[in-house]
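Asker: Have a look at the structure that comes next, please.
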Amino acid sequence: MYSPRIYLYKITFEEVPYYYYGIKKEKKYNQEYWGSPYTHKWCWDFYTPKKQILQVFPYTDEGWLEAKEIEERLIKPFYRTDKWCLNENCGGRISLQFLRENGKRNYANGTGLAVISKEDRKKNSLKGAKKQQELKIGIHSQTKEQHYEFGKKLGKWNKENSSKEFSVISPKGAIMNEKNVREFCKRENLDRRNFIHLLNGNWKQYKGWKLAF
């Protein structure tokens with residue numbers, strides 16, 4: 001009799017090029033399992049899924065951790081850049097589409113943060129800050145002098161990096177040589193934090209903008 005497995009798998013579909021990666025810890029050998037889609041369950045309903053087992057791991061805690069690590073490494077290059085990738089989560093990082101849809105669902109059902117008023121959120125936030133002060137953790141673990149030094153270093157870093165030259169390709173295909181990230185993002189109506197992901201090479205494109213070199 002065969003033992004249950006931990007394995008890394010890939011789901012593809014006969015009719016369309018969508019795909020999905022995942023890991024499974026079986027309760028019994030050859031347990032029927034076709035992934036656990038949430039946002040994109042429609043794809044499993046409309047098309048014909050096929051499963052390919054890519055790698056099998058030891059049925060231990062270490063095997064599970066190894067499988068999760070390889071799964072993340074496999075998904076990471078695709079889950080935000082390839083439109084055919086159906087994965088909405090990678091190593092704890094959840095896509096914006098999933099967050100938006102989950103937020104709408106909570107609002108409609110009256111669950112999650114949707115049922116908490118602004119006043120209650122503020123009270124909870126103050127309680128958390130007071131607890132951090134008492135325990136001297138988080139931002140409250142530093143002295144005033146340490147806060148001041150950190151603020152100086154952060155300000156210097158922002159000033160140096162905001163004035164760096166960079167070249168990008170606009171959504172219309174024009175190459176633009178710019179210098180001030182803050183002013184550029186303000187002018188083009190871009191989120192500066194997301195745009196910096198593009199400049200650092202973490203993202204291949206942002207709202208149609210790409211690195212020129």
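Asker: Kindly indicate whether any position in segment 13-36 is assigned to a loop (DSSP other than H, G, I, E, B), under 30 Å from Gly201 (Cα atoms) and either among the acidic types (Asp, Glu) or touching a strand residue (DSSP E or B) at 6+ places or on another chain (Cβ under 9 Å) (or both).
Answerer: yes
Asker: Which pairs do you get when a residue that is closer than 12 Å to Lys210 by Cβ, found in segment 160-175, comes within reach of a residue that is among the hydroxyl-bearing types (Ser, Thr, Tyr) and at pLDDT 85 or above, reach meaning Cβ atoms under 9 angstrom, with the pair 6+ apart or on two chains?
Answerer: Ile175/Ser167
Asker: I would also like to ask the following. Which residue pairs have Cβ atoms under 6 Å apart, sit 6 or more places apart or on different chains, and have a first residue in segment 50-74 that is in contact (Cβ under 8 Å) with a residue 12 or more places away in the chain and a second that is surrounded by 11 or more Cβ atoms within 10 Å (Cβ to Cβ) and part of a helix (DSSP H, G or I)?
Answerer: Phe57/Gly63; Phe57/Glu66; Phe57/Ala67
Asker: Gly208 - would you say it is in contact with a Pro (Cβ under 6 Å, 6 or more places away or on another chain) and of a type outside the set (Phe, Trp, Tyr)?
Answerer: So Gly208 passes the test.
Asker: Any residue in segment 97-122 that's hydrophobic (A, V, I, L, M, F, W, C) and surrounded by 13 or more Cβ atoms within 10 Å (Cβ to Cβ): show its pairings with residues that are assigned to a helix (DSSP H, G or I) and modelled with pLDDT of 65 or more at Cβ separation under 6 Å, as long as the two are six or more apart or on different chains.
Answerer: Once the first residue is hydrophobic (A, V, I, L, M, F, W, C) and surrounded by 13 or more Cβ atoms within 10 Å (Cβ to Cβ) and sits in segment 97-122, its partners that are assigned to a helix (DSSP H, G or I) and modelled with pLDDT of 65 or more give Ala114/Asn106; Ala114/Tyr107.
The values are calculated or read from the model by the stated rules, or taken from the named source; none is laboratory data. This one's a predicted model, so the numbers in the text were calculated from it and none came from an experiment. Don't worry about glycine lacking a Cβ; one is built from the backbone with ideal geometry, like all the others, and counts go over all protein chains shown.
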